[in-house]
Amino acid sequence: MKNFKYLLGILVLSILISCGNQEKKASKSAFETQSETSTQDTSVKVIEITANDAMQFNTSKIEVQAGDKVKIVLKHVGKMPKNVMGHNFVLLKKGVDLVKFGNKAATEKDSEYIPDDGDDVIAHTKLIGGGETAAVEFNAPESGSYDFLCSFPGHFAIMKGKFVVK
Ligand SMILES: [Cu+2]
């Protein structure tokens with residue numbers, strides 16, 4: 001009887017050990033799958049930013065490398081409609097005055113607050129309301145510091161930041 005208990009003990013122990021090994025294997029393969037997917041597309045640098053009903057971007061600084069292909073994905077995480085709390089992402093060319101641009105853009109309702117000439121803009125998303133997402137893809141300009149903003153009237157005083165190309 002003693003022997004039987006001893007054998008049972010070994011049996012239970014070996015089952016426990018083999019279960020432990022299986023768990024380790026499972027978690028390793030999950031990790032491998034994850035690292036595979038994350039290295040799949042390195043050609044486009046995707047930057048996700050959010051804007052909310054309190055007239056705020058979640059960041060005031062974006063950094064990329066010269067030569068990067070950049071994709072800005074703007075998510076409006078609020079609930080308010082586009083005509084009340086519309087947001088966009090507008091990246092200005094070097095040397096463009098943010099306040100002057102913002103004031104000019106605010107008068108251009110028909111083109112969703114992007115001045116028709118387009119001379120001052122490197123890239124911009126469309127204007128979106130709560131729950132919507134917009135994206136824009138472009139090549140990073142030469143090294144330097146650029147301004148970005150939301151050009152919906154009155155927003156650029158708060159909704160602005162630096163887009164830095166290293
Ligand atoms: Cu806005």
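The values are calculated or read from the model by the stated rules, or taken from the named source; none is laboratory data. What you are looking at is a predicted structure, and each value in this text was computed from that prediction instead of being measured. Cβ: placed from backbone, ideal geometry, glycine included. Neighbour counts: every protein chain shown.
When G86, G78 are checked against the criterion of being of a type in the set (G, A, S), touching a helix residue (DSSP H, G or I) at 6+ places or on another chain (Cβ under 7 Å) and within 18 Å of I49 (Cβ to Cβ), a single residue qualifies: G78.
For the list (1) within 12 Å of the ligand (Cβ to nearest atom); (2) in contact (Cβ under 8 Å) with a residue 40 or more places away in the chain; (3) not aliphatic (A, V, I, L, M), I need the number of the one condition that K71 fails. Failed condition: (1). Screening the candidates T125, T133, T59 for the property of being among the polar types (S, T, N, Q), surrounded by 12 or more Cβ atoms within 10 Å (Cβ to Cβ) and closer than 17 Å to V165 by Cβ yields one hit, T59.
Against the definition (more than 16 Å from the ligand (Cβ to nearest atom), in the same structural domain as Y146 (by TED's automatic domain parsing) and either polar (S, T, N, Q) or buried (at least 18 other Cβ atoms within 10 Å of the Cβ) (or both)), how does Q65 come out, yes or no? Taking the combined requirement at face value, the residue satisfies it.
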